[in-house]
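Working notes, structure below.
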Amino acid sequence: MKISLSWLKKYLPSLEATPDQLEEVFPLMGLEVESVETTGIPQLDNVVVGEILTRDQHPDADRLSVCQVSVGGAEPVQIVCGAQNHKVGDRVPVALVGAVLPGDFKIKPSKLRGVPSAGMMCSPSELNLPGEPKGLLILEDKPEIGTPINSVFAEGDIVFDLEVTPNRGDSLSHIGVARDLAAWYDLQLVLPELTCDPETAAQPTAESLLKEVRIDAAACPYYTAWSIQGVKLGPSPDWMQADLQALGLRPINNVVDITNWVMLECGQPLHAFDSAKIQEQTLLIRQATKGEKLTTLDEKERTLSEDMMVIADKNRSLVVAGVMGSLDAEVDDNTQDIVLESAYFNPGSIRKTSRSLILSTDSSYRFVRDVDPAGVVFAARRAIDLILEIAGGKLVGPGVIVGGAPRADRVISVTPNFIQKKCGFAISEEQVQATFERLGFTVDTSAEAWQVTVPSFRSEVDRPIDLVEEFLRIYGTANIPKTDVSLRAIHRRNDGLANFNTKASEYLCGQHFNECYHYSLRDEDTFTKWYSKALTQGLALANPLTSEQSHLRPSLIPGLLDALKLNNSRGNGLSPFFELGRTFTVHSGKLYECASVAFVLPAEAEQLPWQSGSGNDFYKVKGLVQQLVNLAGLKADRLFFESCKDAPAWEESHAGTVGSIAREQFTAQVGLVSLQMTKDWDIPGPVFAGEISFLPRVFERAAKASKFSAFSLYPPVTKDLALLVSESSLAETVRKDLAKVAREHVGKSFNVEAVSAFDVYQGKGLPEGKKSLAFRIHFRSNEKTLTDNEVGTVFDNIQQVIKEKTDYAIR
Amino acid sequence: MEEKLQAILEAASKEAVELNARPDFEAFKARLVGPHGSLTDCVKSVGKLPKEERPLAGKAVNQIKKALEALFTETLQRIETAEMQALLGPAVDPSLPSAHFPAGTRHPLSQVRDAISEIFRKIGFTIAEGSELESEWYCFDALNTPDDHPARDEQDTLFLPEGLVMGNVDKKADERYVMRTHTSPVQIRTLLKEEPPLRIVAPGRAFRRDTVDATHSANFHQIEGLYVEKDCNVTDLKAVLDYFLQELFGSEVQTRLRPSFFPFTEPSFELDMKLPNLGKLSDQWIEVMGCGMVDPEVFKSVGYDPEAWSGYAFGMGIERLAMLLYGVDDIRYFYQNDLRFLRQFTS
């Protein structure tokens, strides 16, 4: 919202603060300054009127002239000038040595192509005036030579663009801002004097331009209409046009300009109807009918709905209440009689209408922030004064007032101790009382709990805590003392997920992965192609802004492939990447938010010819996934990875999966990213990847404290056994079967400590469709050194059972 | 006898020099001192000599035995040294680079987030996590932002379809799910789940329905702070935030609390800071976070007695702080993941 300093001073004649000081002070009052604009000529020292006495060509520069300029002193000054529009005898503004022009441009004695120059003749833009930027400003009125330039031009103005928070509807006007400054500086606020004092009535009388005013809408508690007969339409006075233009409003005609000007003065939006266009002389405040059409002043046809409020005559709606009028009831050059509306509309209703029409106006902006009901009649009277003065005409009939102010002054009961307690520092009761009084509040201190009366213009101040804010705002937040932090200890741990994220990222960085951040939202196509259509459908947003960001991500891997692609295309090579973030999945018709970790590892490891070392393969990335599961506090050594099937993002037969959202509360996939997918991303060469998606509640489990368990000090005995199994059998299935048999046969005298695969063979010497899996069984006793005999017997039995009771052949 | 022994030793000494592998050495040793070795035979033959000759012969045998043992030790050492040498590859050039350096880097936003969390952890705040999908009640209503409030603008909020059922984010009634527009719903979840006094920071991702440009991102990150205690006041809030900014930006930082508005705090402030060494932004007030005292309405919505409990809350944008700390001038860098960007922030 724009505020003009000269306008502001009408209500604060004693304001002495400079624009710079105000720029510092406004934010501390809660009014953020977005920009400060200077209009007109600022105060400029050493810039005077000069007359060009001679104009000669510069000896060494075609485009420069050398001028002798009289500036009122005994001797003329010599100025080298680049402009072309001046001639001898012209009077122009001359910036003498020592002047500082707008933009901190200091004028110093100089030489231009060898010719000395002691000043500068100025163009309009160099003085911050509108006009041709290149040529000199020729002063046609020939003011006296040597006159300071500020005496020639009217005083400039400063326009502050303030950002007003939604709770400060009271400061959306010059009077509002002046009132706050008056509180801040403890100054007297001078309000405009009202001349007219019309009678009011609940309904029009015979003289009125209206027959009936009726409210038929709950969101309009208070409506006033004033009849003015015989106005003379025309342009508004220059001063008013200048005021409006300075604040970014377009002058239209005297009546409309007055309504706008009064709105900027008081904060109360007004509307003027051409009474000839009000059919059957009836104003009806009602809800729009469904599908009702109206062409607003911006010449757009609007289709209204039942939740919007309109001002209508008997036959049609004329105004979208509080938002914008229609062309149908517009005041135009032929208008003679007008009806002036000043009303209070409920903020919520105007907000909804403005939102659904996507139409925010100076009027709706103010109604949404709750105008002062007490200002409704004041603003109407102020506008009537100006209309009668500027456009002529006379007031006829009473001011019609329907309904009443929805809120008035409020009394808040508060103890000074409460204010002090919330502030946390010592303040005297007198200080508190004085601060409130500066704000225009009245304070009754006769009881322990003070009764503070807050005027109706402060719509959001109605609780004791609100008074604390008001006190601090005006007392000055800069006066809050600096203290040291002093806090008592609290027993609480970090949420487990935060700790996991730290551990996982430290681990992956240690493994040379670089952390990435990608957007959580992505386009539908990626997910439909590489995940499933059903899943993608469940992840759609209701109101996406763009089609590139229409769906929640089910996986971090597409993003990580983006990182590979981008870095490869920018010549950064292929490096391993990882990301930690939320992903989303649908399970049994419900949407789940998961905490995920994923990584990508190009199959061609970054290797140097002089460096040996094994390349990347499935088992390396499987190990990474297991370790990440471990870091989540889950047992990873028992995880049974199965082949990844029906997962287009993964290369079948080269990827594994484990877990489920329902049972384990996490799922993991690991292996080779589908070659087609990497090709689609223009990534050269295969890429390994892994991803684990946890339900965040996994991390809510308290970490189990580590406990020591004693171990055997006797040596183990190991036995190896190779089994011939179907080539599709998973090693873990076979291992588990063997381990079960082994445990059953070892009895109680000693233990099977571990059964682990140590070799896989397929090919020559084996039957078609079979492979050989070799396992090592570790036997150990807690009590003694085992003999070959004891173990041999058990091992024989194990082999016997495997032979007889399983499909596995011993090789 | 003596000649025979001398011959054995001489032959052995000659042979030993030729030995280069351990199996050959073991065979050689066996030929001399094994069960049927030539020296073993000599030892045995000593017993067959006449009694008077035995001491002399025995002494000679022992001498040779000692000499052979020395020979064995020496040979074995020579072989072992050769074996160890064979384990080494060619000599290294220590000036060649290693592919194992450097380690990966954490994303600058993670680093800044952790730096902020750590500063607060030092004064007893712990980390709380929340979900990115939230219901309208947790995201707005419980935070004193009813449906018709100007601070709640639908244009800025990404909604999920009506009727959506979530498996692991509960809601209050039949309100809709949204992508959270701020991390403040973590305040509500924590207040409902845990017992006061409370002191948490909640880092996380938030979403606005915004067009992406140099300063706006479709998603961004915040850290929310919440402190709930008995008799907590504005001076306490200022002390904690001043401490925080001094830790993050150094002791030269100046701060000011500027009155502002948030529906869930009263009084509300923006915290501005000023620094002498911030490039183009030096010596001017820069907004760094919103903060204020928890509004009594928020306490009421989670069933706390606002007469008994008080508190403050604050929230800051991690991207913004990262941009200030590192001098990054375009928010989009954070989401492009160019390695030349990521590797500039190795801590």
Exercise for the section: Express in Å², to the nearest 10, the accessible area of B:Leu278 obtained by rolling a 1.4 Å probe over the protein heavy atoms while all chains stay in place. Expected result: 30
Completion exercise
Summing -39500 (n - 2.57) over every DSSP H run of at least 4 in chain A, dividing by its residue total and rounding to the nearest 500, the 222 nm mean residue ellipticity is -8000 deg cm²/dmol
Fill in the blank from the handout: Check: C-alpha center the stretch A:208-269 vs C-alpha center the stretch A:637-675, spacing in Å is 70
Handout entry: Net charge, B:Gly130 excluded, C-beta distance under 11 Å - Lys, Arg +1, Asp, Glu -1
Key = -1
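Please arrange B:Leu109, A:Leu672 by accessible surface area, largest first, computed with a 1.4 Å probe and ligands excluded.
On the way: B:Leu109 0, A:Leu672 20 Å².
The residues order as A:Leu672, B:Leu109, largest area first.
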Fill in the blank from the handout: Using alpha-carbon positions, the gyration tensor of the stretch B:117-230 gives root eigenvalues a ≥ b ≥ c; with a/c under 1.5 called rounded, otherwise prolate if a/b exceeds b/c, else oblate, the class is oblate
Exercise for the section: Go through the stretch B:263-292 and flag every residue whose accessible area shrinks by 30 Å² or more with all protein chains in place compared to the isolated chain (probe 1.4 Å). Expected result: B:Glu266, B:Pro267
Exercise for the section: Note the angle between two axes, namely the Cα long axis of helix A:429-438 and the longest principal axis of the Cα atoms of chain A, as a number of degrees from 0 to 90, rounded to the nearest 10. Expected result: 60
Practice task
Please give the residues from the stretch A:395-434 for which the solvent-accessible area of heavy atoms, probe 1.4 Å, is smaller by at least 10 Å² with all protein chains in place than with the chain isolated.
Solution key: A:Lys421, A:Lys422, A:Cys423, A:Gly424
Fill in the blank from the handout: chain B: longest segment with zero exposed GluC sites (Glu not before Pro), where exposed means DSSP loop plus at most 14 other C-beta atoms within 10 Å, is residues B:1-161
Handout entry: Residues of chain A: accessible area per residue with a 1.4 Å probe, Å²
Key = 46
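On average, how much accessible surface per residue is there in chain B, in Å², for a 1.4 Å probe, leaving out ligands, DNA and RNA? Present the calculation step by step, with values, prior to reporting the outcome.
Details: 15980 Å² over 347 residues.
Ligands and nucleic acids excluded, the figure is 46 Å² per residue.
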Problem - Delta accessible area of at least 30 Å² on complex formation, residues of the stretch A:1-44, 1.4 Å probe, chain isolated as reference - result: A:Glu24, A:Pro27, A:Leu28, A:Glu32
Handout entry: Chains B and A, summed buried accessible surface - 1.4 Å probe, Å², nearest 100
Key = 8200
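Could you pull out the longest piece of chain B with no exposed loop trypsin sites (Lys or Arg not before Pro) in it, calling a site exposed if DSSP puts it outside H, G, I, E, B and it has at most 14 other Cβ atoms within 10 Å? Spell out each step's value before the answer.
Working: sites that count: B:Lys172, B:Lys230, B:Arg332.
For trypsin sites (Lys or Arg not before Pro) (loop position, at most 14 other Cβ atoms within 10 Å), the longest site-free span of chain B is B:1-171.
What order do A:Ile285, A:Ile252 take when sorted by accessible area (1.4 Å probe), most exposed first?
On the way: A:Ile285 0, A:Ile252 90 Å².
I get A:Ile252, A:Ile285, largest accessible area first.
Considering only protein heavy atoms and a 1.4 Å probe, what is the carbon-and-sulfur percentage of the accessible area of the protein assembly as shown?
On the way: 26200 of 53500 Å².
Heavy-atom surface of the protein assembly as shown belonging to carbon and sulfur, 1.4 Å probe: 49 percent.
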Practice task
Under a 10 Å cutoff between Cα atoms, tell me which one of B:Ala308, B:Ala239, B:Ala30 has the largest fluctuation in the Gaussian network model of chain B.
Solution key: B:Ala30
Handout entry: Between the stretch B:58-103 and the stretch B:1-31, the Cα center-to-center distance that results, in Å
Key = 20
Fill in the blank from the handout: Hits for chain B under the membrane-span-like helix rule (DSSP H, Cα axial span at least 20 Å, Kyte-Doolittle mean at least 0.0) are B:234-249
Problem - Along each principal axis, Cα extent of chain A, largest first, Å - result: 124, 83, 60
Completion exercise
trypsin sites (Lys or Arg not before Pro) in the stretch A:654-714 lying in a DSSP loop, each with at most 16 other Cβ atoms within 10 Å of its Cβ, come to A:Arg663, A:Arg701, A:Lys704, A:Lys707
Problem - Cleavage-rule hits (chymotrypsin sites (Phe, Trp or Tyr not before Pro)) in the stretch A:674-741: DSSP loop, at most 11 neighbouring Cβ within 10 angstrom - result: A:Phe708, A:Phe711
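Once a ≥ b ≥ c are taken as the square roots of the eigenvalues of the Cα gyration tensor of the stretch A:515-605, is the result rounded (a/c under 1.5), prolate (a/b larger than b/c) or oblate (a/b not larger than b/c)? Mind dumping the intermediate values first?
Values: a/c = 2.28, a/b = 1.77, b/c = 1.29.
Cα axes put the stretch A:515-605 in the prolate bin.
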Handout entry: Signed unit charges on C-beta, dipole axis of the protein assembly as shown, positive-most listed residue B:Ala214, A:Ile490, A:Leu129
Key = A:Ile490
Completion exercise
Rounded to the nearest 10 Å², the 1.4 Å probe accessible area of A:Asp409 is 90
Handout entry: Tensor-based shape of the stretch B:108-345 (alpha-carbon gyration tensor, a/c under 1.5 rounded, otherwise prolate or oblate)
Key = oblate
Exercise for the section: Could you tell me how many degrees, from 0 to 90 and to the nearest 10, lie between the Cα long axis of helix A:174-185 and the main elongation axis, the longest principal axis, of the Cα atoms of chain A? Expected result: 80
Exercise for the section: Could you tell me how many degrees, from 0 to 90 and to the nearest 10, lie between the Cα long axis of helix A:347-356 and the main elongation axis, the longest principal axis, of the Cα atoms of chain A? Expected result: 70
Practice task
Loop only per DSSP, at most 14 neighbouring Cβ atoms within 10 Å: give me the GluC sites (Glu not before Pro) in the stretch A:293-383, ordered by residue number.
Solution key: A:Glu299, A:Glu306
Handout entry: Shielding by other protein chains, A:537-543, mean Cβ within 10 Å
Key = 5
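What average number of partner chain Cβ atoms lie no more than 10 Å from the Cβ of the residues making up B:331-342?
The shielding value for this peptide is 5.
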Exercise for the section: For every other residue with a beta carbon closer than 12 angstrom to the beta carbon of A:Ser726, add +1 if it is Lys or Arg and -1 if Asp or Glu, then tell me the sum. Expected result: -1
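Pull up the DSSP beta bridges for the protein assembly as shown and report the antiparallel fraction as a percent, rounded to 5. Write down the numbers at each step before the final one.
Values: 177 of 190 bridges.
DSSP beta bridges in the protein assembly as shown are roughly 95 percent antiparallel.
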Completion exercise
Using alpha carbon centers only, the stretch A:307-375 is separated from the stretch A:584-612 by a whole-angstrom value of 57
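The values are calculated or read from the model by the stated rules, or taken from the named source; none is laboratory data. Note that the structure is predicted; figures quoted are calculated from it, not measured. For neighbour counting, all protein chains shown are included, and Cβ atoms are generated from backbone atoms with ideal geometry for every residue, glycine included. Ligands, DNA and RNA are excluded from the accessible area calculation, which covers all protein heavy atoms including side chains. Shrake-Rupley method; radii C 1.70, N 1.55, O 1.52, S 1.80 Å.
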